[in-house]
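Q: Take this structure first; my questions come after.
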Amino acid sequence: MTKEEAQGATEEEQQAQSKKGQKKQQKEAEKAAKKAEKQAKLAAEQQSTEEDDFAKDRYGMPAMVQSQQKLDRALVRVQDLTPERADQLIWLRARVHTSRAKGKQCFLVLRQQQFNVQALVAVGDRASKQMVKFAANITKESIVDVEAAVRKVEQKIESCSQQDVELHIERIFVVSQAEARLPLQLDDAVRPEAVGEEEGRATVNQDTKLDNRVIDLRTTTSQAIFRLQSGVCQLFRDTLTTKGFVEIQTPKIISAASEGGANVFTVSYFKTSAYLAQSPQLYKQMCICADFEKVFCVGPVFRAEDSNTHRHLTEFVGLDIEMAFNYHYHEVIDSITDTMVQIFKGLRDNFQTEIQTVNKQFPSEPFKFLEPTLRLEFTEGVAMLREAGVEMGDEEDLSTPNEKLLGRLVKEKYDTDFYVLDKYPLAVRPFYTMPDPSDPKYSNSYDMFMRGEEILSGAQRVHDAQLLTERATHHQIDLEKIKAYIDSFRYGAPPHGGGGIGLERVCMLYLGLHNVRQTSMFPRDPKRLTP
Amino acid sequence: MPMYQVKPVCGGDIKIDLPSCMYKLPNVHAQQGNSCTSEHALQNGEVDPAVKALEARQDEIMRKLYELKAAVEGLAKTVTTPDADLDLTVISSLSSPTFSSTTLKGTTDLDTLLGKDHGALRDIVINANPAQPPLTLLVLHSLLCQRYRVLSTVHVHSSVASVPPQLLSCLGPRHADSYARQLFQLGFTLIWKDVPKLQMKFSIQNMCPIEGEANVARFLFKLLAPYPGDAALATSVDSWVDTAFFQLVEGSAKEQAAVLRALNSALGRSPWLVGPEFSLADVACYCCLLRSGSASVAPANVQRWLKSCENVGHFGSAKALLQ
């Protein structure tokens, strides 16, 4: 390369640079010009908007409700918005589920618990452009007070629960604003885990839902589940009260572990320690010995089991029953199964909306049962399993897969999801279970199953202090620790039996859900302590 | 000549049998004439167990031999000639035991008919629609209870809101021992359910569900008495059962009238529908006739036959349900 050429090259470079530089300068100039234009436009718009806003007092963000004044305003519930109210002007308070602006209109979906309705803000003589813009910018989940006219629609609005009407908004105020970024979207939380064309769309996984439980509980599915759970509790109480049972409250801080020392939480109790009750067993029985004859209690149960399964919680609500009987413990079984059947009937007859809502996100077979409840004996269950190819001993307890298989076999033969398995072997039951009178290998104990999973374990209890001492010794339990328990049977105790169910598990199995955390409002398990 | 003659003290012609043997012992090889179980008594009078076992083995072997002989004869018949000489008289003599015979052993029959008992109660599950109660099955249930220890239960399925009380008590009062399921040989579980057609489930592993009241009736009847061995009679029974269910119950008025005429002529020839014995055909026709409502307008023979059916008993529950 010669100097001249090199020089030529640099010259070219310089020329290129200058060309580039020119181009750059040109571009920057254009950009600046555009920006200036835009700003001018905005300023002009703003001026114009500020000038034209005639609806300024019909929207906005009022001061926080600190009970400044007592308004006698009647707010209508969204579920009451039906064609009968057409053309009425009403006030309501709801959440903004979605808002979508479209030119001179803004469509909002207003939600209240399981019900939602479409609302519309349109530029006209009642609403201005700024009002529509404001409505479009309200963040999701904000709570708003709305004054609107109810209007009938010709075409049904499929996506809302109130399908025949829509609201034409005249006034809209934000009572409580939600932050712009939500940790999860409600629509995603309600979306079923669909296979096929819907695969690409997002769903929320369980841990996220549980971490932001407050928002997750607002979904229609959660609302339905917990209303159903409330119904279960209500039916339980009502059925038993009609049968003459008395509701009792038992202590949860106790001095000795009731079911066995391994799975119990210890709390520090002043200078010593105490335990959290694993079940109200001991106190239920003491009430029977105290002549209450038929008792039930609803309260928390604490089990320190390090089981991270789909059906175990460390704290759950236990519904427990105990009753004295006359001659045969089947009187107790009949009473308990009748209570369960009444609960199932009550849910079937009164909670169909809730069941359908849950089914939309979690499809499952409806729950089937027989009245009176099917009762099979343990030996029969073992024979059915053996016929199906399972090998097991006569006195062996049923493992979880075997229980599920037996549930399927029973479902196939009798078409019921709920049944009782009676006469379990004595060796696998706790020490206070009454042995069978004719065959010492078996006991007067029973388990109840829903959809192949165990929900209740119960038995006739030993009501004789001497036999109880013998059985406890046989199970190598320290008699000192249960002295108070044995003492309660020394002064005349009637023959009695009972059992307990877990509220969350019953709801989960009735609805055909797959994880008990979905039916526990703020679940507790070995890995979760908050919220 | 003797000096003094004395009259003889005893007669002179007494025959004395002098024994030839000094000491006698019982014969070890002697046959015991009357008793068929041969008990060889030893010197101390006890029976030798080894000999007993030997005899038992011998009996067993003889029995097996006879069975084998029968089997071989049967096989020979099929192998030798295509139209083996079937002796009709032999076959008809092997026909079913009569209904009223009570010399039937309960459990062993069930083992052969339904398979070995695994420890579970042999439970027959029948799903019926409360709108069409199965009358024949109620009658057969009553007959079954007479023959076996039957645990009967009635359930209402959740698909049905409620049933009238007589449907709940149609199987009779609850058995006193019903809390101990293993005391029973057979279970009869009737479930009132919203099903389009009556359905029976028995053994999930080996049997598919059986549909139709006629088919379930045939199954239950076979637990009581085997079908007549004569093919013609057996087909006749089946034919009447089908006529009852298809034409009497589901047929038009014309078909029902035709069936009544056929019944009348059949009953003119014999006291029961099929031969001289009460059979499933009579149960089925009675119940279907009752259900169709034309019992009152039936001809004379049929009326007489209806009365005789009622005399047999077991039809009370069916009649009560139709009230």
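The values are calculated or read from the model by the stated rules, or taken from the named source; none is laboratory data. Since the structure is predicted, the reported quantities are computational estimates derived from the model, not experimental observations. Counting neighbours? That spans all protein chains shown, and the Cβs are built from the backbone with ideal geometry, glycine included. The protein model used for the area step is the full one, side chains on, heavy atoms only, and it has no ligands, DNA or RNA in it. Shrake-Rupley method; radii C 1.70, N 1.55, O 1.52, S 1.80 Å.
Q: Is it fair to say A:Gln162 is under 30 Å from the mean Cα position of the chain (by Cα) and surrounded by 15 or more Cβ atoms within 10 Å (Cβ to Cβ)?
A: yes
Q: Listed residues A:Thr266, A:Thr272, A:Thr239; which is in contact with a helix residue (DSSP H, G or I) (Cβ under 9 Å, 6 or more places away or on another chain) and of a type in the set (S, T, N, Q)?
A: Going through A:Thr266, A:Thr272, A:Thr239 in turn, just one is in contact with a helix residue (DSSP H, G or I) (Cβ under 9 Å, 6 or more places away or on another chain) and of a type in the set (S, T, N, Q): A:Thr239.
Q: Out of the residues in the stretch B:135-184 that are polar (S, T, N, Q) and crowded, with 18+ Cβ neighbours inside 10 Å, state the one that is nearest to the other protein chains (Cβ to nearest Cβ).
A: B:Ser158
Q: Where the second residue is hydrophobic (A, V, I, L, M, F, W, C) and open to solvent by 10 Å² or more (accessible area, probe 1.4 Å) and the first is facing another protein chain (nearest Cβ under 7 Å) and free of Cβ contacts under 8 Å to residues at least 12 places away in the same chain and lies in the stretch A:376-392, which pairs have Cβ atoms under 6 Å and are six or more apart or on separate chains?
A: Note: pairs meeting the criteria are A:Glu380/B:Ala120; A:Glu380/B:Leu121; A:Ala383/B:Ala120.
Q: Within the bounds of the stretch A:167-178, is there any residue that is of a type in the set (Phe, Trp, Tyr), within 16 Å of A:Arg218 (Cβ to Cβ), touching a residue at least 12 places away in the same chain (Cβ under 8 Å) and open to solvent by 20 Å² or more (accessible area, probe 1.4 Å)?
A: No, every residue in the stretch A:167-178 fails to be of a type in the set (Phe, Trp, Tyr), within 16 Å of A:Arg218 (Cβ to Cβ), touching a residue at least 12 places away in the same chain (Cβ under 8 Å) and open to solvent by 20 Å² or more (accessible area, probe 1.4 Å).
Q: Please go through the stretch A:461-504 and pick out each residue that is of a type in the set (Lys, Arg) and out of contact with any Gly (no Cβ under 8 Å at 6 or more places or on another chain).
A: Within the stretch A:461-504, A:Arg471, A:Lys481, A:Lys483, A:Arg490 qualify.
Q: Only one of A:Ala86, A:Ala94 is under 18 Å from A:Asp187 (Cα atoms) and small (Gly, Ala, Ser); which?
A: The unique qualifying residue is A:Ala94.
Q: Which one of the conditions (1) without any contact (Cβ under 8 Å) to a residue 40 or more places away in the chain; (2) within 14 Å of chain A (Cβ to nearest Cβ); (3) more than 17 Å from B:Leu321 (Cβ to Cβ) does B:Gln199 fail to meet, given that it meets all the rest?
A: (1)
Q: Would you check if there is a residue in the stretch A:384-391 being open to solvent by 50 Å² or more (accessible area, probe 1.4 Å) and under 16 Å from A:Tyr446 (Cα atoms)?
A: no
Q: If you check A:His463 against the conditions, is it assigned by the TED database to the domain that holds A:Met434 and modelled with pLDDT under 90?
A: The answer is no for A:His463.
Q: Could you figure out which of (1) of a type outside the set (Asp, Glu); (2) within 13 Å of chain B (Cβ to nearest Cβ); (3) part of a helix (DSSP H, G or I) isn't true of A:Lys404?
A: (2)
Q: Here's another thing I want to ask about it. Test A:Phe378 against the criterion of being crowded, with 16+ Cβ neighbours inside 10 Å, assigned by the TED database to the domain that holds A:Thr241 and at pLDDT 95 or above, and give yes or no.
A: no
Q: Out of the residues in the stretch B:185-202 that are open to solvent by 20 Å² or more (accessible area, probe 1.4 Å) and within 15 Å of B:Leu121 (Cβ to Cβ), which is modelled with the lowest pLDDT?
A: Across the stretch B:185-202, the extreme among qualifying residues is B:Gln185.
Q: Could you list all residues from the stretch B:211-230 that are over 13 Å from the mean Cα position of the chain (by Cα) and open to solvent by less than 20 Å² (accessible area, probe 1.4 Å)?
A: B:Gly212, B:Ala214, B:Val216, B:Ala217 - these are the residues of the stretch B:211-230 that are over 13 Å from the mean Cα position of the chain (by Cα) and open to solvent by less than 20 Å² (accessible area, probe 1.4 Å).
Q: If you don't mind, there's one more thing I want to ask. If a residue must be within 12 Å of another protein chain (Cβ to nearest Cβ) and open to solvent by 20 Å² or more (accessible area, probe 1.4 Å), how many such residues does the stretch A:414-435 contain?
A: 1
Results for (1) outside any loop (DSSP other than H, G, I, E, B); (2) assigned by the TED database to the domain that holds B:Trp305; (3) within 23 Å of B:Ser292 (Cβ to Cβ); (4) acidic (Asp, Glu), shown as yes or no for each residue.
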site: B:Phe188; (1), (2), (3), (4): yes, no, no, no
site: B:Ile204; (1), (2), (3), (4): no, no, no, no
site: B:Leu220; (1), (2), (3), (4): yes, no, yes, no
site: B:Ser236; (1), (2), (3), (4): yes, yes, yes, no
site: B:Val241; (1), (2), (3), (4): yes, yes, yes, no
site: B:Arg261; (1), (2), (3), (4): yes, yes, yes, no
site: B:Ala266; (1), (2), (3), (4): yes, yes, yes, no
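Q: Any residue at all in the stretch B:231-242 that's closer than 26 Å to B:Leu167 by Cα and open to solvent by less than 20 Å² (accessible area, probe 1.4 Å)?
A: yes
Q: Being surrounded by 19 or more Cβ atoms within 10 Å (Cβ to Cβ), away from chain B (no Cβ under 13 Å) and over 14 Å from A:Ser230 (Cα atoms) is the filter here; which residues of the stretch A:345-367 pass it?
A: Scanning the stretch A:345-367 gives A:Thr357, A:Val358, A:Gln361.
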